[in-house]
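The values are calculated or read from the model by the stated rules, or taken from the named source; none is laboratory data. Remember, predicted model here, so these are calculated numbers, not experimental data. Cβ coordinates were reconstructed from backbone atoms using ideal geometry, including for glycine residues, and neighbour counts include every protein chain displayed. Note: areas computed on protein heavy atoms with side chains; ligands, DNA, RNA excluded. Shrake-Rupley method; radii C 1.70, N 1.55, O 1.52, S 1.80 Å.
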Amino acid sequence: MAEKLNLDSKLTPKELAKHLRQPEGETGKEIGLQMNKGNKHICLNSYKVLNPKNKNHILEIGMGNGFFVKDLLKMADDLTYIGVDFSPIMVDEANFINEGLIKSGKVRFEQASIERLPFNDDTFDCITTTNTLYFWPQPQDNAEELLRVLKPGGTLLIAYRSKSFLNKLELSKHGFTKYEIADVENILIKSGFKQITTKTIKEPELDFDDTLFEMEGLFTTGIK
Ligand SMILES: C[S@@+](CC[C@H](N)C(=O)[O-])C[C@H]1O[C@@H](n2cnc3c(N)ncnc32)[C@H](O)[C@@H]1O
């Protein structure tokens, strides 16, 4: 049976799109919780494709409320993680949901934009980001900023839905930039990433506001 998701039906597609780009206030908090259901497979699959190694230092861009960080941290020994999101309510929520991991010193969340990351060059072994690419203001420059903070030999993973899928959703007409695999690979090539590859992973069908969708996640990786 298909999984069912009813995003807040009080919102217009334009309002919903605005909260997906940058969740705000109480409504944004609620949308964050709903994203944990609708994006569960792509989020968990992104961590599987990333496949971190023991002691890796990981950066996630746009983790939303960080609900799945606990699953990433179980994937290898002694992982450390920083999540950045430019939505203050998502950072607050991520801090609340991950209180135990934060106390352990393994996890930290910061409010920042992909445009200017508050980290030194060559800091992270891996960078992962899911469902944020549509909102990057300057994809080429933003990918170069990710390259800057990645260690030589480190991996960037971008997880996303295809343009052809998003075109089926009314909300994607409002502030989304949509990409097919070749577009994303070209951005990474031009930004200086090497060994670029893309995996496609099918997911269970999703009943989204009473329409049934075939779902798949796209996972493009590049190495510094
Ligand atoms: C659609 S949500 C995806 C959340 C989660 N990764 C998921 O897949 O469920 C997009 C998230 O990226 C964040 N975001 C969008 N643009 C950003 C930017 N320029 N810098 C940092 N975070 C950004 C938003 O605030 C939001 O939390």
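A few points about this structure:
- All conditions but one from (1) touching a helix residue (DSSP H, G or I) at 6+ places or on another chain (Cβ under 9 Å); (2) within 12 Å of the ligand (Cβ to nearest atom) apply to Ser162; the one that does not is (2).
- Single residue of Gly66, Gly32, Gly25, Gly83 found to be open to solvent by 20 Å² or more (accessible area, probe 1.4 Å) and among the small types (Gly, Ala, Ser): Gly25
- Matching option when the condition is part of a loop (DSSP other than H, G, I, E, B), open to solvent by 20 Å² or more (accessible area, probe 1.4 Å) and within 13 Å of the ligand (Cβ to nearest atom), among Glu110, Glu115: Glu115
- The condition of being more than 18 Å from Cys43 (Cβ to Cβ), in contact (Cβ under 8 Å) with a residue 12 or more places away in the chain and within 11 Å of the ligand (Cβ to nearest atom) holds for only one of Leu171, Leu212, Leu133, Leu147, that being Leu171.
- Among the candidates Lys29, Lys37, Lys74, residue that is closer than 22 Å to Pro204 by Cα and more than 8 Å from the ligand (Cβ to nearest atom): Lys37
- Test set (1) open to solvent by 30 Å² or more (accessible area, probe 1.4 Å); (2) on the phi < 0 side of the Ramachandran plot; (3) away from the ligand (no atom under 16 Å from the Cβ); (4) touching an Asp or Glu at 6+ places or on another chain (Cβ under 7 Å) - Lys55 fails condition number: (2)
- Among the residues making up the range 141-183, those that are in a strand (DSSP E or B) and either open to solvent by less than 10 Å² (accessible area, probe 1.4 Å) or more than 11 Å from Lys224 (Cβ to Cβ) (or both) are Leu150, Gly154, Leu156, Leu157, Ile158, Ala159, Tyr160.
- If you filter the range 202-222 down to residues that are touching a Leu at 6+ places or on another chain (Cβ under 8 Å) and open to solvent by 40 Å² or more (accessible area, probe 1.4 Å), you find that the one that is nearest to Cys126 (Cα to Cα) is Glu205.
- Apart from one condition, Thr128 fits all of (1) within 18 Å of the chain's Cα centre (by Cα); (2) open to solvent by 20 Å² or more (accessible area, probe 1.4 Å); the exception is (2).
- Scanning the range 88-102 for residues that are surrounded by fewer than 17 Cβ atoms within 10 Å (Cβ to Cβ) and in contact (Cβ under 8 Å) with a residue 60 or more places away in the chain turns up nothing.
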